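Heads up: the structure comes next, in structure tokens.
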Amino acid sequence: MRKALFVLVLGFVFPTGTSAGGPPNILWISAEDISPHFGSYRDPYAITPNLDALAQQGVRYSNVYTTAGVCAPCRSGIITGMYQNSIGTHHMRCDATLPGWLKPFPMYFREAGYYCTNNTKTDYQFDKPSPREIWDDTSATAHWKNRKQGQPFFAIFNFTGCHESGIESKEKYDEVTKDLTAGQRQDPTAFKNLPPYYPDTPVVREDWKRNYELITAMDTWAGNLIAELKESGEWENTLVMFWSDHGVGLPRAKRWLYDSGTHIPLIIRFPESLRSFSSHGPGQVNDRLVNSVDFAPTMLQLSGLSVPDYMQGESFVRGDRERAFVYGARDRMDERYDIIRAVRNRRFRYIRNFEPLKPYYQYMNTPEKGATMQEIRKAEKAGNLNEAMSLFSARRKPVEELYDLKNDPHEINNLAGDPAQEEVLAELRAALTEWQMKVGDLGLMPESEILRREKAAGSAFGILHGDRDQGALIANLTTTATKASGGAGFVSDLLEGLGHADATVRYWSATGLGNLADEVKEAVGVHAALSHALKDESPAVVIASARALCRMDRTAEGLPALEKHLTGDNKWARLEAIVVLDELDEVARPSLAAMQSALIDPSNKYVVRAANKAVNDLLGTDNQVP
């Protein structure tokens, strides 16, 4: 990728058929934390008349998937048209530096004369350009009505009432749904669509009820926005697009890469001037694969603006070319790291767990507050888990997962070991690796290492896409990260990797040896190589090597190295160190005092959260969230 590719010719090139009134207006209606629980998506419990009517007047897209199962990483990809794990916005609540040439796509609209407003959520995971540089107005009062007379607009309205906090908090739920009528309320005992991996209890059913009623409240809000357009006379020249940033805000959905976390509703009503761009007419269903990074290039194309060559998304209107795959990535969720990647075609989803020794349900401050998560924890303690529930309460994850969505919509029957699916598995495995190589998967780089390199590289993206060709490093990083959970057959490669020139390869080599601790702890050269790695200049390499040594019963070497990085200058190394200590459980007991000291960390609340959990586990006390 070269900067010479980033030149745009701005100015309107109106689509064929654009009305005499000028370029089309665009209204985005977005919601948080909801799956396609709509009548137009054939959900029998949905009460969504306004958006169902929009689907009748527009096109309903049935195969749309977000690039992450959580808001901020996904929204950073939407606003840039680039995958979050390529530009460094992949960790939840991070602050990446973007390359200077990368403009959030509304800036192109503004340069072309559009009035651009955002009401009001951002969550882009970068500071520059700032929201005020991206938008003409980004506030609770931002509205397309404030534009100059005759000026085209691109406006977003974001409904935050469906957020997981609306399910978790009775006060917020009551406020959001206060105007619902009795006929818009749900009977929690009537649901027959509870996922099989949830306990079927009144508490869980109440959460499911709240989800539906919050969506109904959102539908009324969306209907008011549509009515404003019609009343103003702008309806016939406005493209209206409704979408959600990821799936329902409940466990094993939000933050996850299954359909429950990434399959979203998308409805687009094309005005007459843009009908030629859609292969489907009003009321029809388009089943082509769409990734959320595709939104930006699609909007630019519809408005007659050039699409920058650097964008990794693909326009999904006009043209015969369609995606064969959609992709997703999960990285740090608040205080917990878990590197997971996914690729899906129309029928199958493949998931690669790069850290399989971690449980599915790592303890995280925010989701643990939810009632459904608490019901899952109760069932775990009571030993009252059905087969589907047990899968996701397991202490470890399989390295690979493969699901047939046609026959297994809840993704509970892992086909990765099925000989009949070897061809599908190989195809999707190869597609995932190819994608990681193509975009330069920065999520495979430890966060502490990104912090060390970002400034010198000029941006997070520049770390793997600098002025010199980084293809060899991307290949080595991707290959070694894969080998780290590939089994004992890669021990010699991992030992060799400990001597690699790049710290990220050394990190994954040490991580892989730690994963194989029981198999290799007596192998010739392993102990000596890991001991030497404790002197590495990279905190991530030291932490991974110390973890490996501790897992090989060499705590006298490993624990002091972990304790040292609890107090270092690199805030993400501190988090990486406390996470490892917490995962070591009783093995880390000699470091209890050091972990207690980590309960005070003014610059990184996530260190405090992870330390709090680790300390309370060792003391046998209830976890009190700080």
Are any residues in the stretch 255-304 open to solvent by 10 Å² or more (accessible area, probe 1.4 Å) and either in a loop (DSSP other than H, G, I, E, B) or free of Cβ contacts under 8 Å to residues at least 24 places away in the same chain (or both), and if so, which ones? 255, 256, 278, 279, 280, 281, 282, 283, 304
Taking the stretch 336-347 only, how many residues are part of a loop (DSSP other than H, G, I, E, B) and buried (at least 19 other Cβ atoms within 10 Å of the Cβ)? 3
Among the residues of the stretch 290-300, is there at least one that is more than 26 Å from residue 389 (Cβ to Cβ), of a type in the set (S, T, N, Q) and more than 22 Å from the chain's Cα centre (by Cα)? no
When only residues in the stretch 456-481 that are touching a residue at least 60 places away in the same chain (Cβ under 8 Å) and open to solvent by 40 Å² or more (accessible area, probe 1.4 Å) count, which is farthest from the chain's Cα centre (by Cα)? 458
Scanning the stretch 348-400 residue by residue, those open to solvent by less than 30 Å² (accessible area, probe 1.4 Å) and β-branched (Val, Ile, Thr) turn out to be 351, 372, 376
Return only the number of the condition from (1) in contact with a helix residue (DSSP H, G or I) (Cβ under 9 Å, 6 or more places away or on another chain); (2) part of a loop (DSSP other than H, G, I, E, B) that residue 141 does not satisfy. (1)
Would you check which residues across the stretch 179-220 are of a type in the set (S, T, N, Q), touching a helix residue (DSSP H, G or I) at 6+ places or on another chain (Cβ under 6 Å) and farther than 15 Å from residue 34 by Cβ and list them? 184, 201
Looking at the stretch 108-119, I want the residues that are modelled with pLDDT of 95 or more and have a partner that is outside any loop (DSSP other than H, G, I, E, B) and among the basic types (Lys, Arg) with Cβ atoms under 7 Å, at least 6 apart or on another chain. Which pairs are those? 116/110
Among all residue pairs at least 6 apart or on different chains, which show Cβ distances below 9 Å where the first residue, located in the stretch 417-437, is at negative phi and the second is of a type in the set (Lys, Arg) and surrounded by 16 or more Cβ atoms within 10 Å (Cβ to Cβ)? 428/344; 428/349; 429/352; 432/341; 432/352; 433/352; 435/341; 436/341
Scan the stretch 355-372 residue by residue and report those that are among the hydrophobic types (A, V, I, L, M, F, W, C) and in a helix (DSSP H, G or I). 371
Out of 30, 62, 35, sole residue that is of a type in the set (Gly, Ala, Ser) and closer than 28 Å to residue 115 by Cα: 30
Which numbered condition residue 431 misses (of (1) under 27 Å from residue 529 (Cα atoms); (2) in contact with a Phe, Trp or Tyr (Cβ under 6 Å, 6 or more places away or on another chain)): (1)
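Could you go through the stretch 328-336 and let me know if any residue there is at pLDDT below 95, acidic (Asp, Glu) and out of contact with any Leu (no Cβ under 9 Å at 6 or more places or on another chain).
Keep residues of the stretch 328-336 that are at pLDDT below 95, which gives none.
No - not one qualifying residue is present in the stretch 328-336.
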With the requirement that a residue be of a type in the set (A, V, I, L, M, F, W, C), within 22 Å of residue 234 (Cβ to Cβ) and part of a loop (DSSP other than H, G, I, E, B), what does the stretch 18-65 give you? 20
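Based on what the data block shows, is residue 434 at pLDDT 95 or above and part of a helix (DSSP H, G or I)?
Considered against the rule, which asks whether it is at pLDDT 95 or above and part of a helix (DSSP H, G or I), residue 434 comes out as yes.
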Whichever residue in the stretch 153-178 is open to solvent by 40 Å² or more (accessible area, probe 1.4 Å) and among the charged types (D, E, K, R) and, among such residues, is farthest from residue 71 (Cα to Cα): 178
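State whether the residues of the stretch 242-250 include one that is of a type in the set (S, T, N, Q), open to solvent by less than 10 Å² (accessible area, probe 1.4 Å) and either in contact with a Lys or Arg (Cβ under 8 Å, 6 or more places away or on another chain) or over 23 Å from residue 162 (Cα atoms) (or both). Spell out how you get there, then give the answer.
Taking the stretch 242-250 and keeping what is of a type in the set (S, T, N, Q), we get 244.
If we keep only those that are open to solvent by less than 10 Å² (accessible area, probe 1.4 Å) as well, we get 244.
Narrowing further to those that are either in contact with a Lys or Arg (Cβ under 8 Å, 6 or more places away or on another chain) or over 23 Å from residue 162 (Cα atoms) (or both): none.
The answer is no, given that none of the residues of the stretch 242-250 is of a type in the set (S, T, N, Q), open to solvent by less than 10 Å² (accessible area, probe 1.4 Å) and either in contact with a Lys or Arg (Cβ under 8 Å, 6 or more places away or on another chain) or over 23 Å from residue 162 (Cα atoms) (or both).
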Residues (buried (at least 18 other Cβ atoms within 10 Å of the Cβ) and acidic (Asp, Glu)) located in the stretch 512-544: 536
Selected residue (criterion: surrounded by the fewest Cβ atoms within 10 Å (Cβ to Cβ)) from residues of the stretch 305-326 that are touching a strand residue (DSSP E or B) at 6+ places or on another chain (Cβ under 7 Å) and farther than 18 Å from residue 26 by Cβ: 322
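Quick grid of which residues meet (1) in a helix (DSSP H, G or I); (2) at pLDDT below 95:
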site	(1), (2)
449	yes, no
467	no, yes
477	yes, no
501	no, no
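The values are calculated or read from the model by the stated rules, or taken from the named source; none is laboratory data. Nothing here was measured: the structure is a model prediction, and the numbers come from that model. Please note: Cβ atoms are built from the backbone with ideal geometry, for glycine as well, and neighbour counts cover all protein chains shown. For the accessible areas, the whole protein counts, side chains as well, though only heavy atoms, and no ligand, DNA or RNA atoms are used. Shrake-Rupley method; radii C 1.70, N 1.55, O 1.52, S 1.80 Å.
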